[in-house]
Every structure is written in C-alpha cells, then in structure tokens.
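Beneath this line is the structure, given in structure tokens, with notes to follow.
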Amino acid sequence: MNLKFNIQKTIESELFYGSYVIYILGGHHVEVNPNFYIQVVNNETKEEIELKEKYLKARDFKFRKKAVRFYTFQINEYAKFKISVHNYNDIVVKDSILEVYPFPFNIPNIVLSKVLGRSRQNKSLNDIEILIQ
C-alpha cells in the first residue's frame, strides 16, 4: 500500500498490521528543526503511534522523485488513522546531498549547480510530499 500526499495536508487512511516506512519526497538533502514531526493517530482509540527516526537516512527514488527514508513505525492492529505533519515550515529540502560534504568533495556539485541552477535552491512546500509504504 502506498499513501502519497502533500506535506501541508492531513489525511485519514486505513492501515493494516505491519511495518511502514515514511519517505520525504522532493530531494536528497533534508534538514528539519526539532519542532518538525509527523503524527499518526488511531481515530478510535486516539492512541499516537511511535515513529522511529532513521539516523542513517537512505536516499532513493520513489515515483520518479528523489526520496529520503525518514521514519519507520509499526501498526499492531487494523484501524483507521489520521496522519498529519506538524511545523512543516521547519523543513528544508534540496535536490542534492553533495552540498553538505566538505570543500574538495563538493566542487562538482558547485559547478553543476551554477550550470543547472537548481540543486542549491530550497524546494517549495508545494513540491514536498510524504510517502508511506
């Protein structure tokens, strides 16, 4: 099952028993402030599901978009859940992760960003999506 929605939206969906991964779509470089969080709440019991943040964030492509594996969580019973992103203004997403590497390793990225002019620009909130698989 794939749930894909804009970071500014709140959705309700049925989730089945199993493990899930939350990806942030839009770029391979994601920075968040501590105020940023995603909330998954059971509609019937109002119980909040604990999300585990991935410290080694794998980069991938999902639905032809750059994606960063950000959280994982476990559902123990079938139910309908409300999924919302809080403080989404505290997220910065850029095309390339190469910007964070020290000087000698980021030279190719600097040259390409000057030529292409896009890797250093922050993505707008309309371009950032959440994917749950």
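Taking the condition loosely packed, with under 15 Cβ neighbours inside 10 Å and either on the phi < 0 side of the Ramachandran plot or of a type outside the set (Ser, Thr, Tyr) (or both), does ASN35 pass? Yes: the conditions hold for ASN35.
Taking region 42-73, which residues are within 14 Å of the chain's Cα centre (by Cα) and open to solvent by 60 Å² or more (accessible area, probe 1.4 Å)? Spell out how you get there, then give the answer.
Taking region 42-73 as the starting set, the residues that turn out to be within 14 Å of the chain's Cα centre (by Cα) are 51-63, 65-73.
Hits for region 42-73 are LYS52, GLU53, LYS54, TYR55, LEU56, ARG59, ASP60, PHE61, PHE63, LYS65, ARG69.
Among the strands (runs of 3 or more DSSP E) confined to region 1-77, the ones with at least 1 residues that are within 21 Å of ASN122 (Cβ to Cβ) are located at 3-6, 18-25, 29-32, 37-42, 59-62, 65-75.
The set of residues in region 78-96 being more than 18 Å from TYR20 (Cβ to Cβ), in a strand (DSSP E or B) and open to solvent by 10 Å² or more (accessible area, probe 1.4 Å) consists of HIS86, ILE91, VAL92, LYS94. When restricted to residues that are at pLDDT below 95 and of a type in the set (S, T, N, Q), region 11-44 contains 2.
The values are calculated or read from the model by the stated rules, or taken from the named source; none is laboratory data. In this text the structure is predicted, and so the values were computed from the model without any measurement. Virtual Cβ from ideal backbone geometry, glycine too; neighbours counted across all protein chains shown. Each accessible area value is taken on the protein alone, full model and side chains, heavy atoms only, with ligands, DNA and RNA left out. Shrake-Rupley method; radii C 1.70, N 1.55, O 1.52, S 1.80 Å.
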